[in-house]
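The values are calculated or read from the model by the stated rules, or taken from the named source; none is laboratory data. All figures in this text were calculated on a predicted structure; none of them were measured in a lab. Cβ placement follows ideal geometry from the backbone for every residue including glycine, while neighbour counts extend to all protein chains displayed.
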Amino acid sequence: MKRTLVALLLVLSLAGSAVFAASADVVVVGGGGAGLLAAIAAAEEGADVVLLEKMPFLGGATLICGAVTTAAGSRLQAQAGIEGDSAEIFFLDLMKGGEYTNDARLTWLMAKQGGAVMDWMEDLGVAFGPEPVKWAEHRIDRSFRWTGGGSALIKSLNEAAAAKGVEVLLNTRAKRLVQENGRITGVVAVDKGGSEQVISADAVILATGGFGADMDMWPESLQSVLYYGPVSSTGDGHKMAAEVGADLTFMDKMKVYPHGVEIAPGRAQLTTIASVPLVGFGAILVNSNGERVIDESVDIVSLKKKTLEQPGTQLFIVFDSAMKAKLDEMGLTMVFNFTDDQIEELIAQPGRIARHDDLAAAAAEMGIDPAGLAATIEQYNQAVAAGNDPVFGRKNLSAPILQPPYYVMEQKLRTATSLGGVRVTTDMRVLDEEGQVIPGLWAAGEIIGAAHGNESMPGVATLWAFVSGKAAGVSAAAK
Ligand SMILES: Cc1cc2nc3c(=O)[nH]c(=O)nc-3n(C[C@H](O)[C@H](O)[C@H](O)COP(=O)(O)OP(=O)(O)OC[C@H]3O[C@@H](n4cnc5c(N)ncnc54)[C@H](O)[C@@H]3O)c2cc1C
């Protein structure tokens, strides 16, 4: 089915806006992690591939994400000396994480193929750090950080795509799918200047990411939660797929996290990458009464649920300068992707991050009852000295909170990643409301619903983007 990309042809010009036509074997819509891997995989299978990206740059959520991917059976895991993991154990963890609502076929695919897909990405030039990241949710260490973060990963994938002949069109927004006699035969896209292009293809892969940036698509129950994702996640693919009869599922589900600092009205930045290790160093979480409410080392979903029960649906993380120094040694900042200057600006604003030599002053600034916090810290420090947390049974009691200056950082609920989207087969073909394949249409990444179920586990949203991207690319090229 190999066919040479037809050079763009001017076919007509109406009211000043030109319409161009082109064709390819496979058109991929969206240049985040899923779209780039789909394009590379399809090109490796011998297809002519065009990738459309609406932004002036590639990357989407993948570019700005926490840059941690979780998989069982990767070379990285073996090199780190971690034994005893398997696709079966990972699958059971994933099903539990999704509260057993997951589409088990998709979850199994992710569990089974994740390690090999990470190995393939290393072969494509993506670098991962050697030390695994530890999460309460995963029974076995299987998460790894991308060296250089999202920008390094996208750069490597962009180079790999170029080397395999993928044609990338930036500033090119797909606006609708072309459907003829039920079959998807191409995409209508518009460039920055407003010119339309009709790109015909044997296969179209929607890899447009989530719908977090379009609050009209959010469930009513989450309207007070902060958003921390990219502006590009506007659910374009969800809308285009629905127009051609695709069945959307889990549309009332978004991944809500407990660790957020409000950096602008309604907007959050994540602190998970710092908050999790800080708890490991001895930090505690309190509510506005200054009370601890949970064993802070629990999994993220339990923490989210407990946060929802608190006054103002938020918690605060409290730590001292010794714990902050350990974070610095790891090269991690309190607020993800923020420079030291940006963090100082947040500290200068009242009520976001307090840093004071006097614990009572830190509590007062954050709207926490100072007497309540003082009593909690005293009780907690005694628990650390005794090596026993009688209230919550926390096992990890590494250090007391003693050394000023003290830090108190707000921990608000935040969301970016949507869990709902199109229903697919295990080779990523999009299904209609009758459960029938829509010919010519594939999907990859966050646009797919049900792969994670009600919740997603740490590091698996990117794994799903990568595994589904590769599967979609291979299948679309073959068909
Ligand atoms: C701040 C943050 C931190 C995160 N941290 C982690 C983490 O550490 N680990 C993890 O596993 N997951 C994490 N996630 C979730 C994860 O990043 C995403 O689920 C995943 O990267 C989605 O990949 P994708 O390729 O499906 O979508 P995206 O990466 O969002 O890519 C979609 C692309 O499609 C483009 N697009 C959209 N509409 C159109 C259109 N009409 N025409 C053309 N192009 C279009 C977008 O511009 C974008 O480039 C995080 C998310 C965020 C926001």
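Some points to look at:
- Considering A465, A451, A443, the condition of being near the ligand (Cβ under 10 Å from one of its atoms) and either within 14 Å of the chain's Cα centre (by Cα) or among the β-branched types (V, I, T) (or both) is satisfied by A465 alone.
- Answer residue from the range 25-39, given it is near the ligand (Cβ under 6 Å from one of its atoms) and under 16 Å from the mean Cα position of the chain (by Cα) and is farthest from D123 (Cα to Cα) among those: G30
- Long-range neighbours under 6 Å by Cβ, at least six apart or interchain, first residue under 25 Å from G194 (Cα atoms) within the range 157-176, second within 13 Å of the ligand (Cβ to nearest atom) and assigned to a loop (DSSP other than H, G, I, E, B): L170/E53; L170/P56; N171/P56; N171/K192; R173/K54
- Residues that are more than 23 Å from A364 (Cβ to Cβ), within 22 Å of the chain's Cα centre (by Cα) and not basic (K, R) within the range 280-323 comprise S297, V298, D299, I300, V301, S302, L303, L308, listed in sequence order.
- Output for the range 61-100, where each listed residue is touching a Phe, Trp or Tyr at 6+ places or on another chain (Cβ under 9 Å) and among the aromatic types (F, W, Y): F91
- When residues in the range 170-183 are screened for being within 15 Å of the ligand (Cβ to nearest atom) and over 19 Å from G60 (Cα atoms), 3 of them pass.
- Residue within the range 275-289 that is part of a strand (DSSP E or B), hydroxyl-bearing (S, T, Y) and in contact with a strand residue (DSSP E or B) (Cβ under 9 Å, 6 or more places away or on another chain) present: no
- Subset of the range 236-246 that is more than 8 Å from the ligand (Cβ to nearest atom) and not hydrophobic (A, V, I, L, M, F, W, C) - its residue that is surrounded by the fewest Cβ atoms within 10 Å (Cβ to Cβ): E243
- Residues (in contact (Cβ under 8 Å) with a residue 24 or more places away in the chain and crowded, with 18+ Cβ neighbours inside 10 Å) located in the range 307-325: T307, Q314, L315, F316, I317, V318, F319, D320, M323, K324
- Any hit, the range 193-201, residues being closer than 22 Å to A61 by Cβ and in contact (Cβ under 8 Å) with a residue 40 or more places away in the chain: no
- When V19, V11, V26, V6 are screened for being in the same structural domain as A451 (by TED's automatic domain parsing), farther than 30 Å from T271 by Cβ and at pLDDT 95 or above, only V26 passes.
- D236 vs. criteria at pLDDT 95 or above and closer than 30 Å to M55 by Cα: yes
- Residues (of a type in the set (D, E, K, R) and farther than 19 Å from L63 by Cα) located in the range 433-466: E433, E434, E455
- Scanning the range 177-191 for residues that are farther than 15 Å from G35 by Cβ, out of contact with any helix residue (DSSP H, G or I) (no Cβ under 7 Å at 6 or more places or on another chain) and touching a residue at least 60 places away in the same chain (Cβ under 8 Å) returns Q179, G182, R183, I184, T185, G186.
- Residues that are of a type in the set (V, I, T), assigned by TED's automatic domain parsing to the domain that holds Y228 and without any contact (Cβ under 8 Å) to a residue 60 or more places away in the chain number at least 1 in the following strands (runs of 3 or more DSSP E) confined to the range 372-450: 437-443.
- Checked against (1) assigned to a loop (DSSP other than H, G, I, E, B); (2) without any contact (Cβ under 8 Å) to a residue 24 or more places away in the chain; (3) of a type in the set (F, W, Y), W108 passes all but condition (1).
- If you check A268, A241 for being under 20 Å from A61 (Cβ atoms), at pLDDT 95 or above, assigned by TED's automatic domain parsing to the domain that holds N381 and not charged (D, E, K, R), only one passes: A268.
- Considering residues of the range 47-57 that are closer than 16 Å to I205 by Cα and surrounded by fewer than 24 Cβ atoms within 10 Å (Cβ to Cβ) only, the residue nearest to the ligand (Cβ to nearest atom): K54
- Residue tally, condition within 14 Å of the ligand (Cβ to nearest atom), of a type in the set (A, V, I, L, M, F, W, C) and not in a helix (DSSP H, G or I), over the range 202-231: 9
- Residue count for the range 58-77, restricted to those that are more than 30 Å from K192 (Cα to Cα), in a helix (DSSP H, G or I) and near the ligand (Cβ under 9 Å from one of its atoms): 0.
- For the criterion of being more than 30 Å from E243 (Cβ to Cβ) and in contact with an Asp or Glu (Cβ under 8 Å, 6 or more places away or on another chain), I82 passes.
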